[in-house]
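The next block holds one structure in the form of structure tokens; read it before the comments.
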Ligand code: PNS
């Protein structure tokens, strides 16, 4: 059985992520969306919120699993008995960081391969960071994130204003 790990922060999940997960689900028997437990960052959505949103978006996809991890990614990949790390590549600007990570992971665990996938063209400029910035400044993100994420973003803003 081919198992792939798609790691990241997913704060929030975008339609670019969704596109990559769907591609991965067609290519591998199972794809595990693995969210990093990162104590240093102050995310917009808590880890349980991000997990819940992603599970909800993929509740009809039997071979998509959502999980969390901390520590080294390669150790997590080994623990899950996977052989592949999936990463999305949007533009040349992504390449340098992705190249460094892929080679470091290759050095740490030579039997694990990183597979890069391009999202559909209309998602190549979307990033979680831009979504948060645009939304917080009142811009429209419709069509760029799943509807559930849009709803949750609205709730966050209302909760912040109410606080
Ligand atoms: O979506 P992101 O934030 O670009 O994802 C980055 C992620 C989670 C893939 C990366 O930070 C990671 O793998 N962290 C786990 C710690 C680790 O293994 N670091 C060495 C990677 S070369």
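Taken together, the values in this text are just the output of simple stated rules run on the coordinates, not laboratory data. The shown structure was predicted, so the numbers you read here are calculated from the model rather than taken from an experiment. Quick reminder, even Gly has a Cβ in these numbers, built from the backbone with ideal geometry, and neighbours come from all protein chains shown.
What to note about this one:
- Overall form of region 59-98 per C-alpha gyration tensor (a/c, 1.5; a/b vs b/c): oblate
- Between region 16-41 and region 53-81, the Cα center-to-center distance that results, in Å: 7
- Cα-based helix-to-principal-axis angle, 147-162 vs the chain, degrees rounded to 10: 50
- The per residue volume of the convex hull around the alpha-carbon atoms of region 57-133 is 135 Å³.
- Counting beta carbons within 10 Å around each of 114, 54 and listing the fewest first gives the order 114, 54.
- Over the C-alpha atoms of region 35-82, the Rg to Rh ratio, Rh being the Kirkwood estimate, stands at 1.01.
- Based on the Kirkwood approach, the hydrodynamic radius assigned to the chain is 16.4 Å, with every pair of different Cα atoms included.
- Relative contact order of the chain, taken over Cα pairs closer than 8 Å and 6 or more residues apart, is 29 percent.
- Taking only the C-alpha atoms of region 123-163, the Rg (one decimal) and the largest Cα-Cα distance, Dmax (whole number), read 10.3, 35 Å.
- Cα gyration tensor, region 1-90 - rounded (a/c under 1.5), prolate or oblate: oblate
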